[in-house]
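Structure first, commentary second.
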Amino acid sequence: MTATIPEPSQRPFTIGTVRRRLRDEFPDISISKIRYLEGQGLLAPRRTEGGYRLYGDDDVERLRTILRLQRDEFLPLRVIKQELSSPGAKRRSRKRTADALLRSREPEIDLRTLCERSEAEPAFVQELEEYGLVEPNAEDGDRRYPERDVDVVAACARLARYGIEPRNLRSLRNGASSAAGLLEQIVAPALRSRNPERRLAGLEDLETLAAASQELSQLLFWRALKSLV
C-alpha cells in the first residue's frame, strides 16, 4: 500500500498562536508588531464576522519570511513589500535591492507610536534617551524615532522588569557601537563608491560581517554566562 503524504495543516490560528509559533526564532516578536505589519499591507489575515484575525499556514510562512528579511538582510518594509509582491520571482535583482537600501531613509515614528508599539511609558523612553539607548532625530522641535527603536525599547522594558535599569545597559550600547565602528572601517569605502557593483559588494560584505560578528558576540556572551551555572 502506498503511503499518503498528509497535506499541510490549514486550520486557522489566532494572532496569539502565531506569536507563540514564531517566538523561538524571533524572541522579540509581539502582537503589536504583527498588527503593524498588517497595517503596512504586508499581511492580510482572514477576519471573522466579529472582526477577529485568523491566520493560515501560508500567512505564518509569509510572516516568517518578512521577519527574516528584516533581521538577516536589514531590508526596510517598503523593499520587503516589493520583494513579496513580485509573482513568480525568487528575488529581485540584488543590485536593485542594494541601491534601494542605500538610497532609502529608515522610516521614523513619533513618541506616541513608539510607546504604543513597545508598550512602554514616555518617561521610560526619555530615560533610555539619556543613556543613548535610543537616539531620536529632532527637526523643528519634532522628535522622530527610527522604526527599529520599537524593538530596542521593548527589549529594555523586559530587562527593566528584572531590575536592570537603562543606566546598567550602557556597556551593551558601547559594545555595539564599537563593533559597528570596526565594521564601518572595513565597508564604508565600498558603500560610498559611485560604482553600483562595488556598493553591492560592500553591502554583501556588511551582511556577512554583521552575521559573523553577531554570532561571535553571542558565543562569547554564553561562555561568560556559563560561570554562573
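Just so it is clear, none of the values below were taken in a lab; they were calculated from the coordinates. Keep in mind it's a predicted model, so treat the numbers as computed, not measured. Note that we place each Cβ from the backbone using ideal geometry, even for glycine, and neighbour counts take in every protein chain shown.
For this structure, a couple of remarks:
- Residue order for 115, 156, fewest other beta carbons within 10 angstrom first, comes to 115, 156.
- For segment 169-183, Karplus couplings with θ = phi - 60° (6.51, -1.76, 1.60), whole Hz, Gly/Pro x: 9, 4, 5, 5, 4, 5, x, 5, 5, 5, 5, 5, x, 5, 5
- Relative contact order (%) - segment 108-224, alpha-carbon pairs under 8 angstrom, separation at least six: 19 percent
- Per-residue 3J(HN,Hα) values for segment 219-229, derived from phi via the Karplus relation 6.51 cos²θ - 1.76 cosθ + 1.60 with θ = phi - 60°, read 4, 5, 5, 5, 5, 5, 6, 4, 5, 8, 8 Hz in sequence order (x marks Gly and Pro).
- In terms of packing, defined here as the mean over residues of other Cβ atoms within 10 angstrom, the peptides 119-127, 146-154 line up highest first as 146-154, 119-127.
- Note: segment 15-89, Cα convex hull, 99 Å³ per residue.
- Peptide ranges 200-213, 160-173 listed from the most packed, as the mean C-beta count within 10 angstrom indicates: 200-213, 160-173
- Separation in nanometres of the label points that stand 7 Å from Cα toward Cβ, at residue 40 and residue 135: 2.1 nm
- Scalar couplings 3J(HN,Hα) for segment 152-165, obtained by applying the Karplus form with A = 6.51, B = -1.76, C = 1.60 to θ = phi - 60°, are 4, 5, 4, 5, 5, 5, 5, 5, 5, 5, 9, x, 8, 8 Hz; x denotes Gly and Pro.
- When peptides 62-70, 130-138 are sorted by average Cβ neighbour count within 10 Å, with the highest value leading, the order is 62-70, 130-138.
- Structure-derived Rg and Dmax of the Cα atoms in Å - corresponding label in (1) 17.5, 50; (2) 20.2, 74; (3) 17.8, 60: (2)
- Proximity of backbone amide H atoms, modeled 1.01 Å from N, is registered between residue 109 and 145, 147 at under 5 Å, excluding neighbours fewer than 5 places apart on the same chain.
- Each principal axis of segment 151-216 carries a Cα extent, and these read 49, 22, 18 Å when sorted largest first.
- Electrostatic dipole magnitude of segment 108-224 [Cβ: Lys, Arg +1; Asp, Glu -1; Cα centre; debye, to 20]: 460 debye
- Theoretical gain in end-to-end length, residue 204 to residue 78 [0.36 nm per residue, Cα-Cα removed]: 43.4 nm
- Interchain or long-range residues, amide H under 5 Å from residue 13's placed H: 55, 56
- The chain - percent relative contact order, Cα under 8 Å, separation 6 or more: 14 percent
- Charging the Cβ of each Asp and Glu at -1 and of each Lys and Arg at +1, and nothing else, the dipole of the chain about its Cα centre rounds to 640 debye.
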